[in-house]
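A.B. asks: Provided herewith is a single structure, encoded as structure tokens, for subsequent inquiry.
The values are calculated or read from the model by the stated rules, or taken from the named source; none is laboratory data. Since the model is a prediction, treat every value here as computed from it, not as a measurement. A quick note on method: Cβ atoms are made from the backbone with ideal geometry, for glycine too, and the neighbour counts reach across all protein chains shown.
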Amino acid sequence: MNKNSSNIMALAPNTSNKRETVCIFGTGDFGRALGHKLIQSGYPVVYGSRSTQISNLIPKDAEVLGHAEAAQKAAIIIIAIQRQHYNFLTPLAEVLRGKVLVDISNNLKLNQYPESNAEYLAQLLPGSKVVKAFNTVSAWALQSGTLDASRQVRLSNGAKQMVMDIVRALGLTPLDKGSLLAAQEIENYPLQLFPMWKFPIFLSFGLGAFFFIYCLVLDVIYTYIYENNNFSFFIAITIPNRVFPVMALILFALVYLPGIFAAIIQLYRGTKYRRFPDWLDKWMLCRKQLGLIALAFASLHVVFTLVTPLRAFASWRTSKRIVSQVSFVPCSNDSYLALGILGYFLFVLLGITSLPSVSNNVNWREFRFVQSKLGYLALILCTAHTMIYGGKWFLSPSAYKWYLPDIYILSLIVPCAILVVKFVLIFPCVDKPLTRIRQGWERNPKYSEQSNHIINKSAV
């Protein structure tokens, strides 16, 4: 069956197996969007509202009743209202007894209350079964059908099998988080601001500030003190355009450095069944973010490089100079430009394949080929691009102002070290035992069993 036919079938209600009625308390944006999606999936929907007057925004196939009357028609009731309005549910305790209440609320800030909203709801209605779900899905995503970015629905509590069936019927993926004690974590999840981006962003700001000040000292302050030349205008374009490629190359190299550490640790331990250190685990989890920030710096370098000749042309037009001689760029510069263009092309390809909408449509072997094989090729090309461009400064004594190396020399330390170690790791005498370890072979199974026993015991 092709994708088009499956999409058409998804819009048709399931009439062969009649689904149970779902009640929704609340006619706000999320309540209306969820009701519309439930009706599309074949669920009869009844709204419980203070006003039984049907609004034009309510799905036309839905029924609108008072809260008590609507609750009697369904075994599952979705509470699409905010926590501060839960008090109206207390008089309905007998009607709601034995019902499954799905709490979808979120707060305005992390840990706003001592207990989660779902736990508070369970305290108000002890005779009901409370499930936390749908709070990680937006009303816009439900309404527009763009659920790729928010396809997982986290659930907590034991009375959730019926809710899982509803989640699957909506084309979402249920993620069981255990008991209602996990509700606080689930409610905090949508409030986190780019949790995996904090380390990459702070690292980028720190390195960027360091390299900017480094270039400022060598290119502006040094020349002003010793040569009496004022190059302060470099601060706007020239210095940033030196910092951007250096940042892109170093951050790109840091994407592959944890993989090198992981391989060395596995070879040393002789097993893959022991956990990596926490710092390495966290580093490996944010490799995608590091790569995307590196791609952003590389893109800025491309834009600033294209702007630089335009700035020189504008300066020439302003001064009304006459060109008496045309000097062509040496052929060696063509090499570094070609390497830079090819490296940037592969870099963009890596960024595209890291997007969820693309990575979900390729198999693991294809994803690994692009991210690993082509990724290392892109790193080689970008490193060679920098080496050819900055090679003239490596052995020139005049490049070492205040005995400090040029910024391009510093940028090559990490990528060159990674490529050298990676070259060693692909030797058959090293690669074969590493491959066997990653396939489950252990050099010392007894030691591995003992360490796993200790880890499991400490976890209990």
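A.B. asks: Out of all the residues in segment 171-188, which are closer than 19 Å to A122 by Cβ and not aliphatic (A, V, I, L, M)?
C.D. replies: Passing the criteria: D176, K177, G178, S179, Q184, E185, E187, N188.
Quick grid of which residues meet (1) at pLDDT below 95; (2) loosely packed, with under 14 Cβ neighbours inside 10 Å; (3) of a type in the set (G, A, S):
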residue: I237; (1), (2), (3): yes, no, no
residue: I250; (1), (2), (3): no, no, no
residue: G259; (1), (2), (3): yes, no, yes
residue: Y268; (1), (2), (3): yes, yes, no
residue: P277; (1), (2), (3): yes, yes, no
residue: K282; (1), (2), (3): yes, yes, no
residue: R317; (1), (2), (3): yes, yes, no
residue: I322; (1), (2), (3): yes, yes, no
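A.B. asks: Also: Go through segment 73-88 and give me each residue that's within 14 Å of S128 (Cβ to Cβ) and either touching a residue at least 60 places away in the same chain (Cβ under 8 Å) or exposed (fewer than 14 other Cβ atoms within 10 Å of the Cβ) (or both).
C.D. replies: A75, I76
A.B. asks: Just name the residue that is nearest to L379 (Cα to Cα) out of those in segment 421-440 that are modelled with pLDDT under 90 and not polar (S, T, N, Q).
C.D. replies: Here is the first cut: in segment 421-440, the ones modelled with pLDDT under 90 are 438-440.
Within this subset, residues satisfying the condition of being not polar (S, T, N, Q) are 438, 440.
Numbers: R438: 24, G440: 30 Å.
Among those that are modelled with pLDDT under 90 and not polar (S, T, N, Q), it is R438.
A.B. asks: Another question, if that's okay. Looking at T223, T146, can you tell me which residue is of a type in the set (S, T, N, Q), surrounded by fewer than 18 Cβ atoms within 10 Å (Cβ to Cβ) and either at positive phi or at pLDDT 85 or above (or both)? Before you say what the answer is, go through the steps one by one.
C.D. replies: Numbers: T146 fails: either at positive phi or at pLDDT 85 or above (or both).
So the residue among T223, T146 that is of a type in the set (S, T, N, Q), surrounded by fewer than 18 Cβ atoms within 10 Å (Cβ to Cβ) and either at positive phi or at pLDDT 85 or above (or both) is T223.
A.B. asks: State whether one or more residues within segment 347-362 are under 17 Å from R242 (Cβ atoms), assigned by TED's automatic domain parsing to the domain that holds L300 and in a helix (DSSP H, G or I). Spell out the reasoning first.
C.D. replies: So in segment 347-362, the residues under 17 Å from R242 (Cβ atoms) come out as none.
For segment 347-362, residues under 17 Å from R242 (Cβ atoms), assigned by TED's automatic domain parsing to the domain that holds L300 and in a helix (DSSP H, G or I): absent.
A.B. asks: Among the numbered conditions (1) touching a residue at least 40 places away in the same chain (Cβ under 8 Å); (2) at positive phi, tell me where K282 comes up short.
C.D. replies: Here K282 clears every test but (2).
A.B. asks: In the list F211, F205, which residue meets the criterion of being part of a helix (DSSP H, G or I) and surrounded by fewer than 16 Cβ atoms within 10 Å (Cβ to Cβ)?
C.D. replies: F205
A.B. asks: I'd like to check something: does segment 164-183 contain any residue that is modelled with pLDDT under 90, surrounded by fewer than 17 Cβ atoms within 10 Å (Cβ to Cβ) and farther than 27 Å from Y43 by Cβ?
C.D. replies: Yes, segment 164-183 contains a residue that is modelled with pLDDT under 90, surrounded by fewer than 17 Cβ atoms within 10 Å (Cβ to Cβ) and farther than 27 Å from Y43 by Cβ.
A.B. asks: Then there is this: Looking at V102 and the list (1) surrounded by fewer than 18 Cβ atoms within 10 Å (Cβ to Cβ); (2) in contact with a helix residue (DSSP H, G or I) (Cβ under 8 Å, 6 or more places away or on another chain), which single condition is not satisfied?
C.D. replies: (1)
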